1. Out of all the residues in segment 25-76, which are closer than 30 Å to Gln106 by Cα and among the β-branched types (Val, Ile, Thr)?
2. How many residues, within segment 30-83, are open to solvent by 70 Å² or more (accessible area, probe 1.4 Å), among the polar types (S, T, N, Q) and out of contact with any Phe, Trp or Tyr (no Cβ under 9 Å at 6 or more places or on another chain)?
3. Name the one entry in Gly22, Gly16 that is of a type outside the set (S, T, N, Q), surrounded by 13 or more Cβ atoms within 10 Å (Cβ to Cβ) and closer than 30 Å to Cys108 by Cβ.
4. Just a yes or no: is a residue in segment 51-61 hydrophobic (A, V, I, L, M, F, W, C) and touching a His at 6+ places or on another chain (Cβ under 9 Å)?
5. Pairs please, first residue from segment 86-105 and touching a residue at least 24 places away in the same chain (Cβ under 8 Å) and closer than 20 Å to Pro76 by Cβ, second anywhere and surrounded by 13 or more Cβ atoms within 10 Å (Cβ to Cβ) and polar (S, T, N, Q), Cβ atoms under 8 Å, 6+ apart in sequence or on different chains.
6. Which pairs turn up if I take residues in segment 3-25 that are closer than 19 Å to His46 by Cα and look for partners that are hydrophobic (A, V, I, L, M, F, W, C) and surrounded by 11 or more Cβ atoms within 10 Å (Cβ to Cβ) with beta carbon separation below 6 Å, at least 6 apart in sequence or on another chain?
7. Within segment 89-130, work out how many residues are modelled with pLDDT of 50 or more and open to solvent by less than 50 Å² (accessible area, probe 1.4 Å).
8. Which ones in segment 46-91 are part of a loop (DSSP other than H, G, I, E, B) and under 22 Å from Ala103 (Cα atoms)?
Amino acid sequence: MTMPQGRLKILLLDNGKEWGGGTNSLLELLKRIDRDRFEITYCFYHNYRRDNEETIGDVLNAIGIPTRFIVQRRQPLWAKLSKEILRGLLLFNAAWRKRAVQAIDQRCRAERPPYCRPVARRKISPAVYE
């Protein structure tokens, strides 16, 4: 397999809420990766902290990795109410209850959420990111 001309662009998306072993492993990889071959941007939902109060954004900026934070919107009221009603109505069947809640989450969070469109188009908008 041949490398394309120029640097290969990689967008990493981290939806975690805390610093763990995976974060440490990825940081070690990013410190050692060939920056002449790869252009990496890191996207987060949360700027979580390490034990010494250092944030993930601080660490990545220190090693020269561009970092973006996706501002999350609250779940719509209709989705929250619908899920609670369905949880009550489908109390007798865990599988149906799980499928119903997942369907609502799919509709309001996964299908075209406004904050994901610029990421998919590789456009960074100040209105979407902190």
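The values are calculated or read from the model by the stated rules, or taken from the named source; none is laboratory data. Keep in mind the model is a prediction, meaning the values are calculated, not measured. Every residue, glycine among them, receives a Cβ derived from its backbone with ideal geometry; neighbour counts consider all protein chains shown. We work out accessible area using only protein heavy atoms, side chains counted, and drop any ligands, DNA or RNA first. Shrake-Rupley method; radii C 1.70, N 1.55, O 1.52, S 1.80 Å.
1. Across segment 25-76, the qualifying residues are Ile40, Thr41, Ile56, Thr67, Ile70, Val71.
2. The number of residues fulfilling the criteria is 2.
3. Numbers: Gly22 fails: surrounded by 13 or more Cβ atoms within 10 Å (Cβ to Cβ).
So the residue among Gly22, Gly16 that is of a type outside the set (S, T, N, Q), surrounded by 13 or more Cβ atoms within 10 Å (Cβ to Cβ) and closer than 30 Å to Cys108 by Cβ is Gly16.
4. Step one: filter segment 51-61 for residues hydrophobic (A, V, I, L, M, F, W, C), giving 56, 59-60.
Filter once more, so that each one left must be touching a His at 6+ places or on another chain (Cβ under 9 Å): 56.
Yes: segment 51-61 contains one or more residues that are hydrophobic (A, V, I, L, M, F, W, C) and touching a His at 6+ places or on another chain (Cβ under 9 Å).
5. If the second residue must be surrounded by 13 or more Cβ atoms within 10 Å (Cβ to Cβ) and polar (S, T, N, Q), the pairs left are Ile104/Ser82.
6. Qualifying pairs under 6 Å: Leu13/Cys43; Asp14/Phe44.
7. 12
8. At the first step, the residues of segment 46-91 found to be part of a loop (DSSP other than H, G, I, E, B) are 46-48, 50-54, 63-66, 71-76, 90-91.
Within segment 46-91, Gln72, Arg73, Arg74, Gln75, Pro76, Leu90, Leu91 meet the criteria.
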